[in-house]
Amino acid sequence: MSAAGRAAGPPATLRDMVPADIDFITELDARLFGVDCWPRHMFEDELSRPETRRYIVAEVPDGVGRMKTVGYAGLMCVPPTGDIQTIGVLPDYEGRGIARAMMALLIGEAARRGARDMLLEVSANNPRAQRLYRRYGFEHIHTRRRYYRDGSDGLIMRLTLPDPAASTDAKDPS
């Protein structure tokens, strides 16, 4: 699809994950993350905590009148910190802005819930994801050596969210 075609609308429809999504999301997580995937019960547990969690799925039309799930992401927010728990997009749908849309939604959600900082962890072997996070202003703050089961290092990244009071003050010259 051309860039002009993508610019016409959002890259995917984002909606809250529901329990009926868990079977597919668990399979997708295994496909994307292999030995580091989450077991089904972790997704169930996460969805059972709406006071501190928000999980979303990304869907696109499948061409026959239905929606196809192509990505998912999750946030844990216990102010003053928000933490991107997971994010994944089917390889055939990478590069279409779906991960960016999910990141923007979850960062906004964390700010709405009172987070001042966002954290996430990414494999040192995933430069594509690292580039995405840097675009949002995340900075590498720590490395967990051989953190993942495949032996790769885990990079801890942080984003400091703007102070809502400061942005209000900046707009109000009085």
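The values are calculated or read from the model by the stated rules, or taken from the named source; none is laboratory data. All values reported here derive from a predicted model rather than from experimental measurement. Methodologically, a virtual Cβ is constructed for each residue, glycine included, from the backbone with ideal geometry; neighbour enumeration extends over all protein chains shown. Heads up: the accessible areas ignore ligands, DNA and RNA and are worked out on the full protein's heavy atoms, side chains in. Shrake-Rupley method; radii C 1.70, N 1.55, O 1.52, S 1.80 Å.
Of the residues Q85, V70, G95, the one whose Cα sits farthest toward the positive end of the charge dipole of the stretch 28-174, with +1 on the Cβ of Lys and Arg and -1 on the Cβ of Asp and Glu, is G95. So which trypsin sites (Lys or Arg not before Pro) in the stretch 99-139 pass both tests, a DSSP loop state and at most 16 other Cβ atoms within 10 Å of the Cβ? Hits after loop and neighbour filter: R113, R116. Ordered from largest to smallest accessible area (heavy atoms of protein chains, 1.4 Å probe), the residues R49, R54 come out as R49, R54. Treating each Cα of the chain as one equal point scatterer and applying the Debye formula with no solvent, the log10 of I(q)/I(0) at q = 0.18, 0.20 Å⁻¹ comes out as -1.28, -1.50.
One chain, two ends: V35 and E51. Fully extended at 0.36 nm per residue, the span grows by 2.8 nm beyond their Cα-Cα distance.
Taking A104, A58, A20 in turn, the Gaussian network model of the chain (Cα-Cα springs below 10 Å) assigns the largest fluctuation to A20.
Between V64 and D92, the modelled label-to-label distance comes to 1.2 nm, taking each label 7 Å out from Cα in the direction of the beta carbon.
Only helices enter this figure: runs of n ≥ 4 DSSP H residues, each worth -39500 (n - 2.57), summed and divided by the residues of the chain, yield -9500 deg cm²/dmol at 222 nm to the nearest 500. Of all the accessible heavy-atom surface of the chain, with the other protein chains kept in place and a 1.4 Å probe, what percent is carbon and sulfur? Answer for the chain is 52 percent, counting heavy atoms of protein chains only. Using the Stokes-Einstein relation with a Kirkwood hydrodynamic radius computed over Cα pairs, the translational diffusion coefficient of the stretch 25-100 at 25 °C and a viscosity of 0.890 mPa s comes to 183 µm²/s.
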